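Since every read-out is calculated from the coordinates, none of them should be taken as a lab result. Bear in mind the structure is a predicted one, so any value in this text is a computation, not a measurement. Every residue, glycine as well, gets a Cβ built from its backbone with ideal geometry; the counts of neighbours run over all protein chains shown.
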Amino acid sequence: MGLIYFRDGKVIAESGQVKVYEMDDNRYLEKCPGHNLWASSWEIRDYEEQLKDIPRGNCLEIGLGLGVVSNYILGLEQVNHLTTIELDRDVVECYTKLNKTNNIKHSIIISDVHRALPILLNSSIKYDFIFFDHYSLIDEDTIKELSELVPIAKKLLVTDGKIMGWFDPFTPEEFLEGFNRIFNYK
Ligand SMILES: C[S@@+](CC[C@H](N)C(=O)[O-])C[C@H]1O[C@@H](n2cnc3c(N)ncnc32)[C@H](O)[C@@H]1O
């Protein structure tokens, strides 16, 4: 029988309704009830493939999850600073417990992205790279939400800045064109 993270794994961090499990050197973040899986550390392979060495300078990321992307971006030498917007305080709490580095290059804003982006627009700070990853799949609702948020985020970019969204390899074909159009992917 195959292994299941919430049956066979070990809980290594917990806060409120959020739990992080470890199993076979992989981590899994769920928001209970119902073993609602939000992030897995093995996804690093997809993230590396999609992000390559594109993040640079001053970066903004939406959706902390396990912090797989945060840690990847922070590990790139051409990155000076990363700001992460995360809705769920318990997700941030678990990340802080498991990553005790207190990295001065990393700031986390606990907020809904819909509230945080307009507030950031009022500051003079601009970003070289912005990455959206606050959704768990790409469907009609995600496309509608991104088509509202991405134009706002574009105003936060420097002139030659780059904006990207996590691409779910299991996205149904009917949503590909809409997703690619939002991010100007070819
Ligand atoms: C798919 S996970 C991100 C995975 C992450 N990139 C990683 O490396 O583990 C999505 C995250 O976005 C957060 N989120 C969901 N809706 C949000 C919103 N409206 N604003 C900000 N964060 C949100 C969730 O709480 C969750 O932590």
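Only one of the listed residues (Asn122, Asn99) is of a type in the set (S, T, N, Q) and within 12 Å of the ligand (Cβ to nearest atom). That residue is Asn99.
The residues on offer are Thr142, Thr159, Thr171, and the sole one that is under 16 Å from the mean Cα position of the chain (by Cα) and polar (S, T, N, Q) is Thr142.
Being part of a strand (DSSP E or B) and either among the basic types (Lys, Arg) or free of Cβ contacts under 8 Å to residues at least 40 places away in the same chain (or both) holds for only one residue in Glu22, Glu14, Glu43, Glu49, and it is Glu22. Based on what the data block shows, is Tyr28 within 9 Å of the ligand (Cβ to nearest atom) and touching a helix residue (DSSP H, G or I) at 6+ places or on another chain (Cβ under 8 Å)? For Tyr28, the condition - within 9 Å of the ligand (Cβ to nearest atom) and touching a helix residue (DSSP H, G or I) at 6+ places or on another chain (Cβ under 8 Å) - is not met.
Pairs linking a residue in segment 174-186 that is part of a helix (DSSP H, G or I) to a residue that is among the hydroxyl-bearing types (Ser, Thr, Tyr), with Cβ atoms under 6 Å and 6 or more positions apart or on different chains, are Ile182/Ser147. Residues of segment 73-95 that are surrounded by fewer than 16 Cβ atoms within 10 Å (Cβ to Cβ), within 13 Å of the ligand (Cβ to nearest atom) and either in a strand (DSSP E or B) or without any contact (Cβ under 8 Å) to a residue 60 or more places away in the chain (or both): Gly75 alone.
Restricting segment 58-72 to residues that are assigned to a strand (DSSP E or B) and in contact with a His (Cβ under 8 Å, 6 or more places away or on another chain) leaves a set whose member that is farthest from the ligand (Cβ to nearest atom) is Asn58. Restricting attention to segment 96-123, the residues that are surrounded by fewer than 18 Cβ atoms within 10 Å (Cβ to Cβ) and part of a helix (DSSP H, G or I) total 8. Among the residues of segment 131-170, those identified as closer than 19 Å to Leu66 by Cα and touching a Gly at 6+ places or on another chain (Cβ under 7 Å) are Phe132, Asp133, His134.
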